[in-house]
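Data block below; observations after.
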Amino acid sequence: MSFTHHSHPKAAHDFLKNTERMKWHDDALWFVRAKRDRIAQTVPDWEELRNQASAIKSHTLSNLDAYLQHFEEQAIANGVTVHWAADANAHNNIVLQLLQKCGAKKIVKSKSMLTEECHLNPFLEKHGIEVVDTDLGERIVQLRKEPPSHIVLPAIHIKKEEVGELFHEHLGTEAGASDPQYLTAAAREHLRQKFLAADAAITGVNFAVAETGAVVVCTNEGNADLGAHLAKVHIACMGIEKVIPATADLGVFLRLLARSATGQAITTYNSHFRKPAPGTEMHIVIVDNGRTTQLGREAFRNSLKCIRCGACMNTCPVYRRSGGHSYHNAVAGPIGAILAPNIDMKEYADLPFASTLCGSCSDVCPVKIDIHNQLYQWRQVLTREGHAPAGKKAAMKVMGNVLSSSGKYSFSGKVARKLLKWFPRLAVNGRLNPWGKQRELPEVPEQSFREWYQQQSSKKQPK
Ligand code: SF4
């Protein structure tokens, strides 16, 4: 499962070719955003909750080493085995060794963006282990051999008719059937067999409570619980930023998470896993994979506050109209665009530019991450580090030169007014300016504002 394109503009261009899909995708996500707004407005202390969540995360990030150590001690005391992974490779190898040790060949996995980030599925499959994603949306994209396109709604880019065709092919449902209830029942039947046959279960972690050593996993389908309770081995994979100080803090985050994600008052299952049941094993793999580097970047460390609600994606006009796969990264949208360059600046240099900087992402973020400021700051870092496209760099150099001198500015204005009059299509709507393809300029004026102002002022001078 990999991304076809490694350029946001190119992938977005392809997504936009299917106008009907783009419109439907845009409307579907806007519907979720509106639902989030309505439910947030029913909570009188909503802004206070956001402030509190942000403050708890700030405090935890400032004391991350201590909280992680405390979490590890508590988890070990509960009978859980804790593993530390410096990067994706180490994470995948730890999971593989655990599975090999217990002879596991069939795995069920609930939603975990960390395992997507580490490309765990293809790694395990390469070693002869069957991994079945049990979240319905994730199972749909897995059967299509695609990555998820959204962190909360992994199959939001796929229509029910397409799911019908997919299930007909893989699960033997009736040809042409697209009723969501019928298709969901078929998926349930299919997944039940996988749960019963699984040797081990892998889950993600939404919150790791330092005070108790418990991990909390939030799902709407109960698939994490079913997997972890039926299998003999439960492996929970978490990034280092998932730790929170105490159980009391959960009240703040759980109220924000479901409302921001889907507009629900509460996620259906908020399951606390504290210790292995008798005769079973529980492991927690704690992963860095670039997070401490991000923590050390003063301007970007706040991005580690993210609780993966997806609200910034649902509101983003660029994400809604370009689809999650156009970000060619496990986490798409505005938050993905500020996390990805930390892992590989060259590979993800395009992402911070895939934004209008309207600031809507920061407005909806439940933990108050200044996402649009960080997008803007990444652009500066990437340009400084030599990762901006050559054309853009040259254009900015010329712009900087012209804008730093009033003489050059007014001369260029004169030339541009003449050229635009005669060659508007060439200059503005031509191949050299993709931004102008869908835009028309207003009629070009005869004179600049400055000339007009001087003219008007001289008319008013007393004779
Ligand atoms: S950055 Fe904020 S809005 Fe976006 S997914 Fe994370 S918590 Fe949600």
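What is the helix-to-structure angle for 8-17, meaning the angle in degrees between its Cα long axis and the longest Cα principal axis of the chain, kept from 0 to 90 and rounded to the nearest 10?
Approximately 90 degrees, to the nearest 10.
How much accessible area per residue does region 203-325 have, counting only protein heavy atoms and a probe of 1.4 Å, in square angstrom? Don't jump to the answer; show the numbers that get you there.
On the way: 3780 Å² over 123 residues.
Result: 31 Å² per residue.
Say R0 is 22 Å: what FRET efficiency, to the nearest 0.05, do Met345 and Arg321 get from their beta-carbon distance? If you can, show how the numbers build up before the last one.
On the way: r = 26 Å, r/R0 = 1.17.
The formula returns an efficiency of 0.30 here.
Go ahead and collect, in residue order, the members of region 300-328 whose backbone nitrogen is under 20 Å from a label point 7 Å along the Cα-Cβ direction of Ala55.
Counting backbone N atoms under 20 Å from the label point, the list is 302-307.
How high is the relative contact order of the chain? Use alpha-carbon pairs under 8 Å, at least six apart in sequence, and give a whole percent. Show your work: numbers first, answer last.
Values: 743 pairs, mean separation 93.8, N = 463.
Relative contact order, the chain: 20 percent.
How far is helix 371-384 tilted, in degrees, relative to the longest principal axis of the Cα atoms in the chain, given as a value from 0 to 90 rounded to the nearest 10?
70
Over 19 Å between Cα atoms, which of Lys346/Lys392; Lys232/Lys275; Lys17/Lys437; Lys106/Lys160; Lys393/Lys437 qualify?
On the way: Lys346/Lys392 15 Å; Lys232/Lys275 13 Å; Lys17/Lys437 14 Å; Lys106/Lys160 28 Å; Lys393/Lys437 21 Å.
Going by Cα-Cα distance, Lys106/Lys160; Lys393/Lys437 fall outside the 19 Å limit.
Using the beta-carbon distance between Thr293 and Gln455 and R0 = 56 Å, what value does 1/(1 + (r/R0)^6) give for FRET efficiency, to the nearest 0.05?
Values: r = 57 Å, r/R0 = 1.01.
Using R0 = 56 Å, I get an efficiency of 0.50.
Which loop trypsin sites (Lys or Arg not before Pro) in region 352-445, with loop taken from DSSP, have no more than 15 other Cβ atoms within 10 angstrom of their Cβ?
Numbers: sites: Lys368, Arg379, Arg384, Lys392, Lys393, Lys397, Lys408, Lys414, Arg417, Lys418, Lys421, Arg425, Arg431, Lys437, Arg439; in loops: Lys368, Arg431, Lys437, Arg439.
Passing sites in region 352-445 are Arg431, Lys437, Arg439.
Might you list the cysteines of the chain that have no disulfide-compatible partner by the rule of another cysteine's Cβ under 4.7 Å?
By the Cβ distance rule, which asks for a partner under 4.7 Å, the isolated cysteines are Cys102, Cys118, Cys218, Cys237, Cys306, Cys309, Cys316, Cys358, Cys365.
With axes computed from alpha carbons, what is the tilt in degrees of helix 390-403 against the longest principal axis of the chain, rounded to the nearest 10 within 0 to 90?
It works out to around 40 degrees.
Using all C-alpha to C-alpha distances in region 180-333, build P(r) with 5 Å bins and read off the rounded percent in each one.
Going out from 0 Å in 5 Å bins, region 180-333 shows 2, 8, 13, 17, 19, 19, 13, 7, 2, 1, 0 percent.
So if each residue of separation counts as 0.36 nm, and I subtract the Cα-Cα distance between Glu446 and Glu211, what length gain in nm does that give?
Values: separation 235, 0.36 × 235 = 84.60 nm, distance 7.03 nm.
My answer for the length gained is 77.6 nm.
Considering the Cα trace of region 174-215, what is its radius of gyration and what is Dmax, both in angstroms?
16.9, 52
Which ³J(HN,Hα) values in Hz, rounded to whole numbers, follow from the phi angles of region 55-64 under the Karplus curve 6.51 cos²θ - 1.76 cosθ + 1.60, where θ = phi - 60° and Gly and Pro get x?
Each residue's phi maps through the Karplus curve to give 5, 4, 5, 4, 4, 5, 5, 6, 10, 4 Hz.
Taking every pair of alpha-carbon atoms in the chain, give the share separated by more than 43 Å as a whole percent. Let's see the in-between values first.
Details: 23451 of 106953 pairs.
Looking at the chain, the distances longer than 43 Å represent 22 percent of pairs.
Hey, any idea what % of region 150-259's accessible area is carbon plus sulfur with a 1.4 Å probe?
Details: 2140 of 4150 Å².
Carbon plus sulfur share of accessible area: 52 percent.
Given points 7 Å out from each Cα along the Cα-Cβ axis, report the Lys126 to Glu189 separation in nanometres with one decimal.
Taking the two extended label points, one gets 3.7 nm.
Percent antiparallel among DSSP beta bridges with both residues in the chain, to the nearest 5? List each step's numbers first, then the result.
Values: 8 of 33 bridges.
Approximately 25 percent, going by the DSSP bridge assignments.
Just report the Cα centroid separation between region 91-135 and region 276-305, whole Å.
18
Helix-only mean residue ellipticity at 222 nm, the chain, DSSP H runs n ≥ 4 weighted -39,500 (n - 2.57), per residue, nearest 500. What is it? Don't skip to the answer; put the middle values down first.
Working: 22 runs with 245 residues, N = 463.
Helix contribution divided over all residues of the chain: -16000 deg cm²/dmol.
Leaving out ligands, DNA and RNA, and with a 1.4 Å probe, what % of the accessible surface on region 345-463 is carbon or sulfur? List each step's numbers first, then the result.
Values: 5280 of 8820 Å².
Carbon and sulfur atoms account for 60 percent of the accessible area of region 345-463.
Ignoring ligands, DNA and RNA, what percent of the accessible area of region 1-122 is carbon or sulfur (1.4 Å)?
Working: 3430 of 6320 Å².
Carbon plus sulfur share of accessible area: 54 percent.
Find which of Pro245, Cys358, Gln69 sits farthest along the positive direction of the dipole of the chain, computed with +1 on the beta-carbon of Lys and Arg, -1 on that of Asp and Glu, about the Cα centre.
Highest projection toward the positive end goes to Cys358.
The values are calculated or read from the model by the stated rules, or taken from the named source; none is laboratory data. Note that this is a predicted model, so its numbers are computed, not measured. Please note: Cβ atoms are built from the backbone with ideal geometry, for glycine as well, and neighbour counts cover all protein chains shown. Note: accessible area is taken over every heavy atom of the protein model, side chains too, but ligands, DNA and RNA are not part of it. Shrake-Rupley method; radii C 1.70, N 1.55, O 1.52, S 1.80 Å.
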